[in-house]
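Notes follow once the structure below has been shown.
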Amino acid sequence: MARQQARFVCQQCGAFHAKWTGRCDGCGAWNSLIEELPREELPGGRIKGGLDRRGGRALGFVGLTGPSILPPRRKTGIVELDRVCGGGLVPGSAILVGGDPGIGKSTLLLQVAAAIAPGEERSPGQAAIAAYITGEEAIDQVRLRAERLGVAASPLLLAAASNVRDIIASLDREDAPALVVVDSIQTMYLDTLDSAPGTVSQVRAAAQELIRVAKRRGFVLVLVGHVTKEGVIAGPRVLEHMVDTVLYFEGERGHQFRILRAVKNRFGATDEIGVFEMSDRGLVEVPNPSSLFLAGRPGAPGADEAVPGAGRVSGSAVFAGIEGTRPVLVEIQALVAPAILGTPRRAVVGWDGTRLAMITAVLDARCGLSVGANDIYLNVAGGLRIVEPAADLAVAAALVSALTDTPVPDSVVFGEIALSGDVRPVGHTEARLKEAAKLGFAEAWIPRDRGKRRATAAAAGFQIAAIGHLSELVERLAPRHALRGQSLGQRRIVAAS
Ligand code: TYD
Ligand code: MG
């Protein structure tokens, strides 16, 4: 029979090509074609190498309930990390930690590996609880860092290696450590493959081998992954599918806050964040992020009260948000300036630009405030990224405040804005108000909610302003502007009063 013609398959989109090319015609990916031999077809339509029923063994199906022995989660001693992982590390699982270069991945993981507490099930022959394998730095560099972090005395196994065969030979044994950190997966290589370390096939194959050993020996495998400029983990997306948990370590370079965020977690929720502060002694946990995010706010405790004008400024509102299970207060800053060029400029940091457009449109159409024609700059202070729609009302407050040059009184604001301009109730009202009270706020602007919640909040000595429509916020902040409008919202106010 004639030799089967080879075909080239794009590893990104799966398109077939008769010839190798540098760029896939199907999806435009570069260097993604890999040669594959098609299976031979036998007479009768069967495929050679394809499966038929006779060779297989019937599966023993079971029910959803039944005895299962899950080893307990392992606490790392770093509470912020444990919470992001869903309450500790699950033995036998693989975790991918991504983040920009220099953000502090190696620092965090060295601290974790040094801090992880010995569990009761530690076997007698086990030399150490954690191993740290670095393919990026020299041993001395890591030692120097350990000394700076104050963890040099911990019984950690340290190795500089990048050959996966060696690593597996050292880990595939009874007394394997409970936690293995591989920093980074892009520096690892399998000598059975031709391609250079960091290429798609190497990254994928190396991760596969390491994960297999982790599952077999039941240790927690932490892979460090580089992130490209576009914000995806370099290498195949498939890496994210292979691991159980994907964590992103993010933060602004100019700020010392670092935020650990779960984007995928097979063993817990993905909306938790861990907040750290980079200090000269490594990463320090921030158990109360609100005070950190509000620290530099004018009028905050510690701000210079003696300086005139150092009090409240316009264009700033405090949003009482929820990150995972934890309330977090952040300052939302807005600057509205007349547009010089034809198309108004929009610059948004830490929030969704589309949502901003929606709110300016609602302010325009329902409240008669022409915000949209101006240049708008919106910033979430402290480098936090907010995804909650509950921030709508706080953003609107910051925008109206900036436009009318009226400071927002010392209150927290939250609520979702509908396209009609109605302000919708959001969840966790109690938790948000409690956090605000803890930080010294005594007033809150919240959605109008028929029910008992207001009563309980008011009992805590809190002044609540219930806002049912966005125009009520404008009315409250800048009555002069509110009366000038001729929209539906204005008429409502007039009708109500
Ligand atoms: P690193 O963990 O090497 O980043 P990554 O592994 O994500 O590339 O972090 C390096 C940065 O952290 C570097 O800019 C210096 C800073 N750093 C501190 O500020 N304090 C410290 O104690 C340490 C160890 C690092
Ligand atoms: Mg590093």
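Just so you know, all these numbers are worked out from the coordinates, no wet-lab data involved. As the structure is a prediction and not an experimental result, all values here were calculated from the model. Reconstructed Cβ throughout: ideal geometry from the backbone, glycine too, with neighbour counts over all protein chains shown.
Of note:
- Legend: residue pairs Lys105/Lys438; Lys19/Lys215; Lys264/Lys438; Lys75/Lys264, Cα-Cα distance threshold 30 Å; pairs beyond threshold, Lys105/Lys438; Lys19/Lys215; Lys264/Lys438.
- Applying 1/(1 + (r/R0)^6) with R0 = 41 Å to the Cβ-Cβ distance of Arg148 and Gln208 gives a FRET efficiency near 0.75.
- Net lengthening on full extension, Asp410/Arg253 (0.36 nm per residue, minus Cα-Cα): 53.6 nm
- Label-point gap, in nm, between Ala196 and Val62 - each point 7 angstrom along Cα→Cβ: 4.7 nm
- Cβ crowding within 10 Å averaged over residues, with 273-285, 9-21 ranked highest first: 273-285, 9-21
- Binned Cα-Cα distance frequencies in region 159-229 - 10 Å width, integer %: 21, 55, 22, 2, 0
- Put simply, the amide H of Glu323, placed in the peptide plane, has neighbours under 5 Å in Val328, leaving out anything fewer than 5 places away on its chain.
- If the chain linking Ser370 and Leu157 were pulled fully straight, counting 0.36 nm for each residue of separation and taking away their Cα-Cα distance, it would gain 70.4 nm.
- Zone residues, region 411-434, relative to Thr354, backbone N less than 19 Å from point 7 Å out along Cα-to-Cβ: 416-421
- Cα centre as origin, Lys/Arg/Asp/Glu Cβ charges: region 164-291 dipole, Debye: 280 debye
- Stretching Ala18 away from Glu136 to a fully extended chain increases their span by 38.6 nm, per 0.36 nm per residue minus the current alpha-carbon distance.
- Per-peptide average of other Cβ atoms within 10 Å, ordering 355-362, 202-209 highest first: 202-209, 355-362
- Pairwise FRET efficiency - Ala269 versus Val387, Cβ, R0 = 22 Å, nearest 0.05: 0.95
- Taking amide H atoms as placed 1.01 Å from N in the peptide plane, the amide H of Arg385 has no partner under 5 Å among residues 5 or more positions away or on other chains.
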